[in-house]
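Here is the structure we will look at, set down as structure tokens.
The values are calculated or read from the model by the stated rules, or taken from the named source; none is laboratory data. Computed from a prediction, not measured in an experiment: that's the story for all the values here. Please note: Cβ atoms are built from the backbone with ideal geometry, for glycine as well, and neighbour counts cover all protein chains shown.
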Amino acid sequence: MAEMDDADDLGLPPSHGGGSGSKSAGDKMFSLKKWNAVAMWSWDVECDTCAICRVQVMDACLRCQAENKQEDCVVVWGECNHSFHNCCMSLWVKQNNRCPLCQQDWVVQRIGK
Amino acid sequence: MLTLASKLKRDDGVKSGRSSNTAPESTRRVSIRDRLLVKEVAELEANLPSTCKVNFPDVNKLHYFQLTVTPDEGYYQGGKFQFEIDVPEAYNMVPPRVKCLTRIWHPNITETGEICLSLLREHSIDGTGWAPTRTLKDVVWGLNSLFTDLLNFDDPLNIEAAEHHLRDKEDFRTKVQDFIKRYGR
Ligand SMILES: [Zn+2]
Ligand SMILES: [Zn+2]
Ligand SMILES: [Zn+2]
């Protein structure tokens with residue numbers, strides 16, 4: 001997954017040649033020093049919002065944002081394929097060991113980013 | 001797929017989140033409940049049933065408000081029923097606490113204001129109780145429906161009222177309207 005910090009490096013590559021510039025060939029207006037190719041893959045994560053704290057699961061949960069612990073915040077998937085922040089879900093299962101979206105018994109399928 | 005625009009927007013969100021975290025401890029101690037409520041109250045006010053009004057006596061306390069329901073059909077038509085909604089600090093792991101302030105003759109509300117509405121139940125064995133996926137909008141729509149769709153004589157909290165209805169529907173209606181004249185206008 002691409003890190004947010006890469007966003008500043010994203011941009012259009014300089015156009016090659018072209019243009020009716022009066023500059024001499026050797027005097028380029030700019031040169032490309034660094035190009036960060038950012039590959040992204042996702043399962044439509046853009047609408048994957050944690051139904052408990054209503055923050056996207058790929059971002060830190062509301063609690064971790066408030067406590068500045070963004071780095072420790074991971075995602076948990078249940079066997080029902082619903083995903084939440086692990087922080088949010090572990091608070092809820094103490095009350096009721098069911099997925100709050102589909103009401104099935106909550107069984108962790110995996111935890112990760 | 002994420003587009004660059006949405007990615008940058010998210011990045012912005014994260015950045016502003018970070019900068020607010022550098023604020024002094026005292027000012028950034030906004031509870032999780034209050035953060036949730038900012039969005040939920042806006043959502044509630046944008047989707048209020050036509051028979052409902054909400055009133056926040058203190059705009060700085062989104063966790064405490066009153067709801068007035070004026071049913072436009074059924075036994076309770078013509079009445080005006082006030083509820084008090086208090087959202088505890090542990091929200092949204094626990095449901096809001098709701099009390100009916102208007103004395104009422106109702107199978108699911110006692111004369112002292114206790115309410116039996118499944119989504120307000122903190123511990124439920126089936127899936128009908130509180131869940132953190134629910135919001136204030138669901139609570140208000142639920143309370144509003146206690147006068148119509150969710151009016152339930154089969155699983156009453158005020159057993160006397162439910163039995164009254166079973167015995168004599170017209171007399172039940174008369175008593176409901178009598179309560180409205182006395183307490184609920
Ligand atoms: Zn969450
Ligand atoms: Zn977290
Ligand atoms: Zn589920």
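Computed quantities for the displayed model
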{"quantity": "Residue in the stretch A:55-69 that is under 12 Å from the mean Cα position of the chain (by Cα) and within 16 Å of ligand 3 (Cβ to nearest atom) present", "calculated": "yes"}
{"quantity": "Pair list, Cβ under 7 Å, 6 or more apart: the stretch A:38-66 residue more than 16 Å from A:Cys87 (Cα to Cα) and of a type outside the set (D, E, K, R), other residue within 16 Å of ligand 3 (Cβ to nearest atom) and modelled with pLDDT under 90", "calculated": "none"}
{"quantity": "Members of the stretch B:92-131 found to be of a type in the set (A, V, I, L, M) and part of a loop (DSSP other than H, G, I, E, B), listed by number", "calculated": "B:Met93, B:Val94, B:Leu101, B:Ile104, B:Leu117, B:Ile125, B:Ala131"}
{"quantity": "Qualifying positions in the stretch A:39-87 - modelled with pLDDT under 90, more than 9 Å from chain B (Cβ to nearest Cβ) and surrounded by fewer than 13 Cβ atoms within 10 Å (Cβ to Cβ)", "calculated": "A:Ala39, A:Trp43, A:Cys47, A:Glu71, A:Asp72"}
{"quantity": "Positions within the stretch B:134-176 being surrounded by fewer than 18 Cβ atoms within 10 Å (Cβ to Cβ) and in a loop (DSSP other than H, G, I, E, B), in sequence order", "calculated": "B:Thr148, B:Asp149, B:Leu150, B:Leu151, B:Asn152, B:Phe153, B:Asp154, B:Asp155, B:Leu157, B:Asp168"}
{"quantity": "Criterion: β-branched (Val, Ile, Thr) and modelled with pLDDT under 95 - qualifying residue of B:Val59, B:Val41", "calculated": "B:Val59"}
{"quantity": "Candidates B:Glu84, B:Glu45, B:Glu89, filtered to the one that is in a helix (DSSP H, G or I) and in the same structural domain as B:Leu143 (by TED's automatic domain parsing)", "calculated": "B:Glu45"}
